[in-house]
């Protein structure tokens with residue numbers, strides 16, 4: 001089962017219930033994954049190379065409805081290509097989110113004395129499972145993956161594809177979007193939507209597991225925060241993640257169906 005299924009027209013998508021956030025609308029990580037996956041799916045035919053970074057902006061809440069996207073190539077050719085992809089509800093004029101993906105054709109460079117760093121192979125399956133239900137009580141994006149935690153790292157393994165033809169970066173974005181929730185200092189006190197998300201990879205992940213070694217900084221007096229973290233696979237580090245955080249009152253159960261003030265959603269502890 002894919003988290004987003006194609007509709008009849010090109011670049012039109014129907015989100016499954018596994019794309020939902022914990023309160024209302026879609027999860028930011030699911031949205032960023034969809035927009036990046038579309039770019040990755042075209043990369044081979046357009047000879048763009050490998051997606052090495054993506055920055056998403058969540059402009060407003062994305063409803064659970066049919067969606068449409070539009071790609072715009074900013075730079076193409078040579079070593080680096082840059083592609084934007086923007087998301088709208090199918091029948092609305094105002095966009096909900098956009099992502100900018102940087103792709104590069106890989107080219108080996110010999111540097112004397114510098115070798116790839118290795119590490120002992122991690123086994124995330126040995127750590128306890130971490131689960132959390134959405135406030136609305138229905139399936140949501142966290143249910144699309146297995147989550148475990150141990151030795152200061154939250155590990156995630158997606159059990160469903162984003163779309164057909166999705167690449168490695170889009171599979172990392174969903175787990176990476178939990179970063180500021182993993183290390184949040186309080187639970188169920190304030191919601192912490194992230195209006196943006198940036199992931200950079202220096203190595204493509206190997207295997208199914210993506211790990212996040214997270215840290216957060218909160219400034220309640222300003223209602224702001226930041227999340228960041230080291231990204232890993234079972235073989236070692238693969239990149240970095242960062243996002244801004246907006247602190248807002250925690251939604252009451254009776255208001256769970258109402259849109260939040262920003263497109264990101266409160267994050268669970270992994």
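Just so you know, all these numbers are worked out from the coordinates, no wet-lab data involved. The structure displayed is predicted, hence computed values, not measured ones. Because the Cβ atoms are built from the backbone with ideal geometry, glycine has one as well, and the counts that use them run over all protein chains shown.
Mind pulling up the Rg/Rh value for the range 56-178? Radius of gyration and Kirkwood radius, both on Cα.
1.04
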*Would you mind ranking 1, 243 so that the residue whose beta carbon has the fewest other beta carbons within 10 Å leads the list?*
1, 243
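With a cut-off of 8 Å between alpha carbons and a minimum separation of six or more residues, what is the relative contact order of the chain in percent?
Values: 670 pairs, mean separation 64.1, N = 270.
About 24 percent, as a whole number.
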*If you build a Gaussian network model of the chain, linking Cα atoms that sit under 10 Å apart, which residue out of 135, 147, 19 swings the most?*
135
*asked:* Can I get the semi-axes of the range 105-242's equivalent ellipsoid? Compute them from the C-alpha gyration tensor as square roots of 5 times the eigenvalues, in angstrom, largest first.
replied: 27, 19, 15
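For residue 7 and residue 92 in one chain, what is 0.36 nm times their gap in residues minus the Cα-Cα distance, to one decimal in nm? Don't jump to the answer; show the numbers that get you there.
Numbers: separation 85, 0.36 × 85 = 30.60 nm, distance 1.67 nm.
Result: 28.9 nm gained on full extension.
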*So how many Å³ per residue does the convex hull of the Cα atoms of the range 34-104 work out to?*
79 Å³
*Quick one: among 223, 211, 137, which has the greatest mean-square fluctuation in a GNM of the chain with alpha-carbon springs under 10 angstrom?*
137
_At a 10 Å Cβ-Cβ cut-off, how would you order 17, 208, fewest neighbours first?_
17, 208
*Using 7 Å Cα-to-Cβ label points, what is the residue 108/residue 250 separation (nm, one decimal)?*
5.3 nm
*What relative contact order, as a whole-number percentage, does the range 27-140 give when Cα pairs under 8 Å and 6 or more residues apart are counted?*
26 percent
*the chain: calculated mean residue ellipticity at 222 nm from DSSP helix runs of at least 4, using -39500 (n - 2.57)*: -3500 deg cm²/dmol
*Just need the relative contact order of the range 126-176 here, percent rounded to a whole number, with Cα pairs under 8 Å and 6+ apart.*
27 percent
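Quickly rank 30-40, 56-66 as a protection proxy: mean count of other C-beta atoms within 10 Å, highest first. All intermediate terms of the calculation are to be shown ahead of the outcome.
Values: 30-40: 28.6, 56-66: 19.5.
Put in order of decreasing packing, that is 30-40, 56-66.
Would you kindly state how much longer the chain becomes between residue 203 and residue 226 on full extension, computed as 0.36 nm times their sequence separation minus their alpha carbon distance, in nm to one decimal? Each step should come with its number before you reach the end.
Values: separation 23, 0.36 × 23 = 8.28 nm, distance 2.42 nm.
Additional length available on full extension: 5.9 nm.
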*What residue among 232, 87, 224 shows peak mean-square fluctuation when the chain is described by a Gaussian network model with Cα springs under 10 Å?*
224
*From the coordinates shown, Cα extents along the principal axes in Å corresponds to which of [x] 46, 45, 36; [y] 67, 44, 33; [z] 60, 46, 37*: [z]
_Simple label model, 7 Å out from Cα along Cβ direction - residue 237 to residue 80, nm_ = 2.1 nm
